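Written below as structure tokens is the structure these notes are about.
The values are calculated or read from the model by the stated rules, or taken from the named source; none is laboratory data. Predicted model, so just to flag it, every value in this text is computed and none were measured. Note that we place each Cβ from the backbone using ideal geometry, even for glycine, and neighbour counts take in every protein chain shown. Please note that ligands, DNA and RNA were not included when accessible areas were found on the heavy atoms of the full protein model with its side chains. Shrake-Rupley method; radii C 1.70, N 1.55, O 1.52, S 1.80 Å.
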Amino acid sequence: MKTVKIGLLGFGTVGAGVFKLITERCGLLEERSGVRFEIKKILVRDLKKPRKVEVDPRLLTTNPEEVLADPEISTVVELIGGIEPARSYLIQAIQSGKKVVTANKLLLAEKGGEIFELARECKTPVGFEASVGGGIPIIRALQEGFVGNQINEIYGIVNATSNYILSEMSLKGSEFQEVFAHAQSEGYVESDPRMDIEGHDAAQKLSILTALSSGSSPAPDKIYVEGISRITHFDIESAEQLGFRIKLLAVYKQHEGRIEARVHPTFIPLRHPLSDVNGFFNAIYVKGDAVGETMFYGRGGGMMPTASAVVSDIVSVERTVFDPSLLPTARPVSFFSLEELSMEYYLRFTVVDRPGVLGQIANALGANEISIASVDQHGQDKGGRVPIVIMLHRAQEKNVRKAIQIIDQMEPVLDKTLCIRVEPLA
């Protein structure tokens with residue numbers, strides 16, 4: 001039986017999960033793949049650091065060349081994260097003819113075009129299933145399962161932390177800061193919390209899905225990104241009364257020969273299965289022109305779900321003859337700017353309780369060709385502030401922005417208007 005020797009770059013939570021899965025399931029992996037897998041070397045920063053799993057100290061090294069330059073190691077698994085030195089290590093591995101696997105969403109979002117082009121030149125497989133959706137097999141589905149489809153729409157709940165926060169706010173009636181503080185104290189939030197709550201993590205994952213679906217990796221400025229930090233429990237209650245639930249949604253659409261790619265809080269109809277995705281679960285809804293509507297659901301991260309995806313890639317790159325068609329290309333694709341799009345909207349204004357304020361707001365909307373679908377004016381809060389909720393019929397984003405800019409400068413308006421876009425998902 002063929003033996004494949006593996007080098008791990010990084011031995012954090014996911015690396016420990018990969019080591020655990022390969023060592024504990026070696027018999028099952030051999031039976032299912034016809035290959036014996038052996039981890040030969042593991043790159044770490046600190047040899048004395050306590051590990052999540054028991055490992056032979058002789059496997060550990062702080063010298064990357066013991067992985068990258070070892071001719072016996074045929075597959076390199078990068079689990080360091082970040083751009084550098086992960087990028088340099090992968091490039092060296094590919095140029096050396098080693099097969100590579102990575103879970104690094106930031107690296108692929110920022111430098112994926114470079115890595116994939118080099119892999120094509122060197123005829124070296126690259127596996128990256130774990131970069132989106134934890135253990136959900138969405139990458140392979142887009143590469144192979146839907147190969148006969150044009151992917152017209154993708155809607156993804158792909159950041160587990162933001163989904164947990166919004167779910168807790170909904171289920172427990174809590175405010176954002178309370179749930180966010182708890183998530184931080186439990187270690188659920190990345191070291192830079194903006195990655196989660198401001199939507200950047202989801203945007204990186206959407207970049208990868210867009211590259212696979214359209215054939216082109218978008219530049220970071222092509223994806224509109226907005227986070228959840230301004231969402232209140234009042235907004236969540238208002239959404240449910242209107243028949244919606246708020247989710248941080250990654251949206252990909254292809255129409256008129258162009259691409260939409262955006263991440264922002266979104267009203268999703270309660271009747272749609274995405275609205276019931278709670279806690280640390282992810283879900284990705286894909287619509288192809290042949291297959292129709294499909295949805296992938298599962299744990300969005302964590303040691304073992306992500307390790308499961310990494311191990312599936314290790315097996316895949318060893319069993320599959322290099323196929324350049326599985327990697328995104330660099331073909332030119334045109335992207336919509338957000339201001340060009342038309343959608344329905346939820347607007348929440350916070351105003352002084354004074355006659356005529358609602359009329360002023362309505363006039364500003366009407367002057368910008370915006371039609372009101374419904375209005376709900378609430379009673380005063382403890383500070384004498386009055387929230388006004390307005391649902392809009394389909395309107396152009398640039399007109400909504402102009403109207404909001406005018407309204408926010410009005411003397412009776414106390415806070416910046418909250419604007420949440422609506423996806424009917426019909």
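Which log10 I(q)/I(0) values, to two decimals, does segment 47-196 give at q = 0.17 Å⁻¹ under the Debye formula with one point per Cα?
The computed values of log10 I(q)/I(0) come out as -1.13.
May I ask for the equivalent-ellipsoid semi-axes of the chain, computed as the square root of five times each C-alpha gyration tensor eigenvalue and listed largest first in whole Å?
Details: eigenvalues 402, 107, 62 Å².
Semi-axes (√(5λ), whole Å): 45, 23, 18.
Counting only heavy atoms of protein chains, what accessible area per residue, in Å², does segment 226-321 have with a probe of 1.4 Å?
It amounts to 37 Å² per residue over segment 226-321.
From largest accessible area down, sort GLU168, GLU423; use a 1.4 Å probe on the protein chains.
From most accessible down to least: GLU168, GLU423.
Can you run phi through the Karplus equation (6.51, -1.76, 1.60; θ = phi - 60°) for segment 174-183 and list ³J(HN,Hα) in whole Hz, with x for Gly and Pro?
Per-residue couplings from phi come out as 8, 8, 4, 4, 5, 5, 4, 4, 5, 4 Hz.
Please identify, among ALA362, ALA103, ALA283, the residue showing maximal mean-square fluctuation in a Gaussian network model of the chain using a 10 angstrom Cα cutoff.
Of ALA362, ALA103, ALA283, the most mobile in the Gaussian network model is ALA362.
When the chain is modelled as a GNM with alpha-carbon springs shorter than 10 Å, which of ARG230, ARG58, ARG36 fluctuates the most?
The residue that fluctuates most here is ARG58.
To the nearest 10 degrees, how steeply does helix 105-122 sit against the main Cα axis of the chain, on a 0 to 90 scale?
Approximately 40 degrees, to the nearest ten.
Output ³J(HN,Hα) for segment 395-407: one whole-Hz value per residue in order, computed from phi by the Karplus curve 6.51 cos²θ - 1.76 cosθ + 1.60 with θ = phi - 60°, and x for Gly and Pro.
9, 7, 3, 5, 6, 5, 5, 4, 5, 4, 4, 5, 5
Ignoring everything but the protein chains, give the 1.4 Å probe accessible area of LYS52 in square angstrom, nearest 10.
Approximately 140 Å² for this residue.
If you roll a 1.4 angstrom probe over the protein chains with everything in place, what fraction of the accessible area of the chain belongs to carbon and sulfur, to the nearest %? Display every interim value, and only then the final one.
Details: 9000 of 18480 Å².
Its accessible area is 49 percent carbon and sulfur atoms.
Using Cα pairs under 8 angstrom and six or more residues apart, how large is the relative contact order of segment 234-293, in percent?
Relative contact order for segment 234-293 comes out at 26 percent.
Averaged across orientations, what area in nm² does the convex hull of the alpha carbons in segment 298-385 project?
12.7
Looking at segment 255-348, which trypsin sites (Lys or Arg not before Pro) are in a loop (DSSP not H, G, I, E or B) and have at most 14 other Cβ atoms within 10 Å?
Hits after loop and neighbour filter: ARG271.
Using the structure shown, list the pairs from LYS105/LYS416; LYS40/LYS123; LYS253/LYS416; LYS98/LYS287; LYS48/LYS123 with a Cα-Cα distance above 26 Å, or answer none.
The answer is LYS105/LYS416; LYS253/LYS416; LYS98/LYS287; LYS48/LYS123.
Would you mind calculating the relative contact order of the chain from Cα pairs under 8 angstrom and at least 6 residues apart, reporting the percent as a whole number?
RCO, the chain: 17 percent.
I'd like the FRET efficiency for GLU54 and GLU114, computed as 1/(1 + (r/R0)^6) with the beta carbon distance as r and R0 of 45 Å, rounded to 0.05.
Numbers: r = 38 Å, r/R0 = 0.83.
The pair GLU54/GLU114 has a calculated efficiency of 0.75.
Order the following by accessible area, largest value first: ARG401, ARG245, ARG421. Probe radius 1.4 Å; ligands, DNA and RNA are ignored.
Accessible-area ranking of ARG401, ARG245, ARG421, largest first: ARG401, ARG245, ARG421.
PHE244's amide H: which non-local residues (gap 5+, or another chain) put their own amide H closer than 5 Å, with H modeled 1.01 Å from N in plane and none for Pro or chain starts?
Long-range HN contacts for PHE244: LEU270.
Which percent, nearest 5, of DSSP beta bridges in the chain are antiparallel?
DSSP beta bridges in the chain are roughly 65 percent antiparallel.
Is there a pair in LYS41/LYS205; LYS5/LYS52; LYS20/LYS49; LYS52/LYS111; LYS205/LYS247 whose C-alpha atoms are over 26 Å apart, and which pairs would that be?
LYS41/LYS205; LYS52/LYS111
Please state, as a whole number in µm²/s, the translational diffusion coefficient that the Stokes-Einstein equation yields for segment 1-85 at 25 °C and 0.890 mPa s, with Rh defined as the Kirkwood radius across alpha carbon pairs. Display every interim value, and only then the final one.
On the way: Rh = 13.3 Å.
Result for D is 184 µm²/s.
Given points 7 Å out from each Cα along the Cα-Cβ axis, report the GLU65 to GLU121 separation in nanometres with one decimal.
2.4
Exactly which GluC sites (Glu not before Pro) in segment 50-152 are in a DSSP loop and have at most 14 other Cβ atoms within 10 Å? Could the numbers behind the result be given before it?
Details: sites: GLU54, GLU65, GLU66, GLU72, GLU78, GLU110, GLU114, GLU117, GLU121, GLU129, GLU144; in loops: GLU54, GLU72.
Of the GluC sites (Glu not before Pro), the ones in loops of segment 50-152 whose Cβ has at most 14 other Cβ atoms within 10 Å are GLU54, GLU72.
Leaving out ligands, DNA and RNA but keeping every protein chain, what accessible area does HIS255 have, in Å² rounded to the nearest 10, with a 1.4 Å probe?
The accessible area of HIS255 comes to roughly 60 Å².
Read phi for every residue in segment 50-67 and hand back ³J(HN,Hα) as whole Hz from Karplus 6.51 cos²θ - 1.76 cosθ + 1.60, θ = phi - 60°, with x for Gly and Pro.
Values per residue, Gly and Pro as x: x, 10, 6, 9, 7, 9, 5, x, 5, 7, 8, 8, 9, 9, x, 5, 5, 9 Hz.
Averaged per residue, what accessible area in Å² does segment 161-208 show with a 1.4 Å probe, protein chains only?
Result: 43 Å² per residue.
Going by the alpha-carbon gyration tensor, a ≥ b ≥ c the square roots of its eigenvalues, is segment 290-338 rounded (a/c under 1.5) or, if a/c is not under 1.5, prolate (a/b greater than b/c) versus oblate?
oblate
Heavy atoms of the protein only, probe of 1.4 Å, neighbouring chains included. What is the accessible area of LYS172 in Å², nearest 10?
Accessible area of LYS172: about 140 Å².
How would VAL375, VAL101, VAL315 rank on accessible area, largest to smallest, probe 1.4 Å?
VAL375, VAL315, VAL101
Given the Cα atoms of segment 191-245, and with Rh set as the inverse mean 1/r over their pairs in the Kirkwood sense, what is Rg to Rh to two decimals?
Using only Cα positions, Rg/Rh for segment 191-245 is 1.12.
Gaussian network model of the chain, Cα springs within a sub-10 Å range: biggest mean-square fluctuation belongs to which of THR23, THR329, THR210?
Answer for the Gaussian network model of the chain: THR23.
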